[in-house]
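*Asks:* So that we are looking at the same thing, I have put the structure below in structure tokens.
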Amino acid sequence: MLNNKYIKLVLSVFIMTTLSMCAKNPVSGMPDFVTITEQQEISIGASYHQSILEEAKLLEDREVSQYFTSLGKKIAKNSHRPELKWHFTLIDDPTFNAFATPGGYVYFYRGILAYFNSEAELAGVIGHEIAHITARHAVRGMSTAQVTNVLIGLVASRVPGSQLTNNAFNLMNHIINKGYSRKYELEADKIGEEYLLKSGYDPSAMTTFLKTMKNVDDLEIKIAKEEGREPNIGYHGIFSTHPATEKRIKALEAKPKNNRSSDNKEKFLKMIDGLPYGSSPDEGFVKNNIFYHADLAIKFKILEPWILENLPDRLILKKNESSIIIRYEELLKDDIDNGITPKKFLDDGINKTSFLSRNELIESESLNVNNLNAHTILYSSKGLTKTTFKRFTAIFDINNKTPHNTQAKPKVWIFVTTSDSMRDDEESKKMFQGFSKMTKNEIDNAKGLKIKVIRFRDGMSYDKLAKESPLGKYAVDKLRLLNGHYPDENPNVGDLIKVVQ
């Protein structure tokens, strides 16, 4: 047991620390328990911002970026901390997300912009993020964690005078990735509505976008159920640890509204006309179930219901428990000159592992894949309850120079398929057999998907628009979702709506 002298020491440290760490909250005016000064808060935000600039790709659309910054500063001016040097950054990424860091830094991913249907809705989420900063949510969270760590350290080590560890950066990472507490999220909703009203917008726009957020999850759950997989729902930042969306909507709807009708709907929609949708073209994109990558000059068709995950160093296709991992390696010209073949490439790689001792060879076949030399090998592995299948495929992409990359080095494309059934394996085989090089015309026209804003006219319907859409099987639902009409609403003739082309 701890002796009384040591307990008194810990308590005295705690009391002195507590008394020296109270600061007035900019929003509530009440004392806050914080270990971080405003200058330290700004410094943390600036350091984190520099890290983001080094790692993330920023949206190159200057007009949209300037519009976003101007709108953000307008709302920040009406906040509880207008004196901060505010920064508003758009990250070129299809993720449906936004977040804020201490000291006046607000970030939106490009992917979330497509789901707003008015300037007021965008302003509402900006206000929500600004509220996290003005109410010092991150700082309060970091302060609690720091003091908790200090006291735990004192008790564990019994070393009087232990110092605070400078772990603010790690704590910031945790907050950004895991989100805030429910209490802080509800508080940011309330403050964000206040900023909307002060900035001349209808505060109900916050509720409208919360409904869109709920519908995003609802559609994903519907699609996942039909595809027999787990839904990919829940978001980082403003969405991951929010209270149940229904409760947040009801909490906001219960508040009396001073309805000011400004929403700048048409201005906003015209601003995002032409905004990239989904993956950026230089990262590869899917259109009409075909994956295109212009920089690498390759394409292949994705069979339904396989789902593509486009990662920086590989592609992953998934169907239930089956998967295909696609990546490439550069080939040495010396190896090519000395007769390396796709079969030898696979044999050399597999022989270096213990794979052969546990698996039975079923098929080994050389083939021509759209004028590219390839080889594929299929193995089976019998377990106690089921048999799984593993297929390795190598496709040589030797003459891979393109009009945009005449210095491209020869490559080998590697497909590794793990299947629960021969049916899934056959589907994976069809996909790699559809692998081919893009033509010059396809490369020149590989602009990726974009948002197009059109006027809804007589004779139009979501069903008709879906038939011309590259969004695939669920195009009707996705178009309704983009326009705030999910699950079964429709626009009025004359309304501006978003489609994807």
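The values are calculated or read from the model by the stated rules, or taken from the named source; none is laboratory data. Quantities reported herein were computed from a predicted structural model and do not represent experimental measurements. Note that each Cβ is placed from the backbone with ideal geometry, even for glycine, and that neighbours are counted across all protein chains shown.
*Asks:* Hey, can you tell me all the residues within the stretch 464-479 that are more than 20 Å from the chain's Cα centre (by Cα) and of a type outside the set (Ser, Thr, Tyr)?
*Replies:* Lys464, Leu465, Ala466, Lys467, Glu468, Pro470, Gly472, Lys473, Ala475, Val476, Asp477
*Asks:* Additional query: Failed condition for Asn117, given (1) touching a Ser or Thr at 6+ places or on another chain (Cβ under 7 Å); (2) assigned by TED's automatic domain parsing to the domain that holds Lys190, with all others met?
*Replies:* Here Asn117 meets the rest and fails (1).
*Asks:* Let me ask another. Could you go through the stretch 45-60 and let me know if any residue there is within 25 Å of Ser204 (Cα to Cα) and not polar (S, T, N, Q).
*Replies:* From the stretch 45-60, those within 25 Å of Ser204 (Cα to Cα) are none; that's our starting set.
Within the stretch 45-60 (the criterion being within 25 Å of Ser204 (Cα to Cα) and not polar (S, T, N, Q)), the answer is no, since none of the residues qualifies.
*Asks:* So, one more: Taking Leu372 as the residue in question, decide whether it is touching a residue at least 12 places away in the same chain (Cβ under 8 Å) and under 19 Å from Asp425 (Cβ atoms).
*Replies:* Working: touching a residue at least 12 places away in the same chain (Cβ under 8 Å): yes; under 19 Å from Asp425 (Cβ atoms): no.
It is false that Leu372 is touching a residue at least 12 places away in the same chain (Cβ under 8 Å) and under 19 Å from Asp425 (Cβ atoms).
*Asks:* Sort out which residues of the stretch 43-61 are over 10 Å from Thr101 (Cβ atoms), crowded, with 17+ Cβ neighbours inside 10 Å and aliphatic (A, V, I, L, M), and write them in order of number.
*Replies:* Leu59
*Asks:* Kindly provide the set of residues from the stretch 34-77 that are under 16 Å from Phe108 (Cα atoms) and in contact (Cβ under 8 Å) with a residue 60 or more places away in the chain, ordered by number.
*Replies:* Once the filter is applied, which keeps residues that are under 16 Å from Phe108 (Cα atoms) and in contact (Cβ under 8 Å) with a residue 60 or more places away in the chain, the stretch 34-77 yields Gly45, Tyr48, Lys57, Asp61, Glu63, Val64, Tyr67, Ile75.
*Asks:* Another question, then. Are any of the residues in the stretch 420-434 under 28 Å from the mean Cα position of the chain (by Cα), of a type in the set (Ser, Thr, Tyr) and assigned by TED's automatic domain parsing to the domain that holds Asn371?
*Replies:* Yes, some residue in the stretch 420-434 is under 28 Å from the mean Cα position of the chain (by Cα), of a type in the set (Ser, Thr, Tyr) and assigned by TED's automatic domain parsing to the domain that holds Asn371.
*Asks:* Assess whether Ile398 counts as being touching a residue at least 24 places away in the same chain (Cβ under 8 Å) and outside the structural domain of Leu361 (by TED's automatic domain parsing). It would help to see each step written out before you state the result.
*Replies:* Details: touching a residue at least 24 places away in the same chain (Cβ under 8 Å): yes; outside the structural domain of Leu361 (by TED's automatic domain parsing): no.
The answer is no for Ile398.
*Asks:* In this structure, is Leu479 in contact with a His (Cβ under 9 Å, 6 or more places away or on another chain) and assigned to a helix (DSSP H, G or I)? Let's see the steps before the verdict.
*Replies:* Numbers: in contact with a His (Cβ under 9 Å, 6 or more places away or on another chain): yes; assigned to a helix (DSSP H, G or I): yes.
Yes: the conditions hold for Leu479.
*Asks:* Looking for something among the small types (Gly, Ala, Ser) and either more than 21 Å from Phe116 (Cβ to Cβ) or assigned to a helix (DSSP H, G or I) (or both) - is there at least one such residue anywhere in the stretch 435-446? Please lay out each step first, then the result.
*Replies:* First, the residues of the stretch 435-446 that are among the small types (Gly, Ala, Ser): 436, 446.
Now narrow it down to the ones that are either more than 21 Å from Phe116 (Cβ to Cβ) or assigned to a helix (DSSP H, G or I) (or both): 436, 446.
Yes.
*Asks:* Moving to a separate point now. Determine, yes or no, whether Thr387 is at pLDDT below 95 and in contact with a helix residue (DSSP H, G or I) (Cβ under 8 Å, 6 or more places away or on another chain). First the steps, then the outcome.
*Replies:* On the way: at pLDDT below 95: yes; in contact with a helix residue (DSSP H, G or I) (Cβ under 8 Å, 6 or more places away or on another chain): no.
Criteria not met by Thr387.
*Asks:* Right, something else. Looking at the structure I just gave you, is Leu346 in a helix (DSSP H, G or I), touching a strand residue (DSSP E or B) at 6+ places or on another chain (Cβ under 9 Å), outside the structural domain of Ser436 (by TED's automatic domain parsing) and surrounded by 14 or more Cβ atoms within 10 Å (Cβ to Cβ)? Step through it out loud before you land on a result.
*Replies:* Details: in a helix (DSSP H, G or I): yes; touching a strand residue (DSSP E or B) at 6+ places or on another chain (Cβ under 9 Å): yes; outside the structural domain of Ser436 (by TED's automatic domain parsing): no; surrounded by 14 or more Cβ atoms within 10 Å (Cβ to Cβ): yes.
No: the conditions fail for Leu346.
*Asks:* Another question, then. From the residues in the stretch 445-478 that are within 25 Å of Ala224 (Cβ to Cβ) and among the acidic types (Asp, Glu), which one is surrounded by the most Cβ atoms within 10 Å (Cβ to Cβ)?
*Replies:* Step by step, filter the stretch 445-478, then rank; the result is Asp477.
*Asks:* Taking the stated definitions as given, is Arg158 charged (D, E, K, R), surrounded by 18 or more Cβ atoms within 10 Å (Cβ to Cβ) and at pLDDT below 90? Step through it out loud before you land on a result.
*Replies:* Values: charged (D, E, K, R): yes; surrounded by 18 or more Cβ atoms within 10 Å (Cβ to Cβ): no; at pLDDT below 90: yes.
Criteria not met by Arg158.
*Asks:* Just to check your reading of the model, which residue among Glu185, Glu129 is out of contact with any His (no Cβ under 9 Å at 6 or more places or on another chain), at pLDDT 70 or above and under 27 Å from Leu90 (Cβ atoms)? Steps first, please.
*Replies:* On the way: Glu185 fails: out of contact with any His (no Cβ under 9 Å at 6 or more places or on another chain).
The match here is Glu129.
*Asks:* In the stretch 468-493, how many are of a type in the set (D, E, K, R) and in contact (Cβ under 8 Å) with a residue 60 or more places away in the chain?
*Replies:* Let us first name the residues in the stretch 468-493 that are of a type in the set (D, E, K, R), namely 468, 473, 477-478, 480, 488-489.
The next check asks that each one be in contact (Cβ under 8 Å) with a residue 60 or more places away in the chain; those that pass are 473, 477-478.
Counting residues in the stretch 468-493 that are of a type in the set (D, E, K, R) and in contact (Cβ under 8 Å) with a residue 60 or more places away in the chain gives 3.
*Asks:* Sticking with this structure for a sec: Being touching a strand residue (DSSP E or B) at 6+ places or on another chain (Cβ under 6 Å) and within 19 Å of Phe268 (Cβ to Cβ) is the filter here; which residues of the stretch 43-81 pass it?
*Replies:* Filtering the stretch 43-81 for residues touching a strand residue (DSSP E or B) at 6+ places or on another chain (Cβ under 6 Å) gives 45, 48-49, 56, 59, 65, 68-69, 72.
Answer for the stretch 43-81, where residues must be touching a strand residue (DSSP E or B) at 6+ places or on another chain (Cβ under 6 Å) and within 19 Å of Phe268 (Cβ to Cβ): Leu59, Ser65, Phe68, Thr69, Gly72.
*Asks:* Let me ask another. For residues that are of a type in the set (Gly, Ala, Ser) and either assigned to a loop (DSSP other than H, G, I, E, B) or modelled with pLDDT of 95 or more (or both), scanning just the stretch 47-66, find the one that is nearest to the chain's Cα centre (by Cα).
*Replies:* Applying the filter and picking the extreme gives Ala56.
*Asks:* Residues to consider are Glu442, Glu426; find the one that is closer than 23 Å to Ser323 by Cα and either surrounded by fewer than 13 Cβ atoms within 10 Å (Cβ to Cβ) or among the acidic types (Asp, Glu) (or both).
*Replies:* On inspection, the qualifying residue turns out to be Glu426.
*Asks:* Determine whether Arg358 is of a type in the set (Lys, Arg) and either at pLDDT 95 or above or outside the structural domain of Met422 (by TED's automatic domain parsing) (or both).
*Replies:* no
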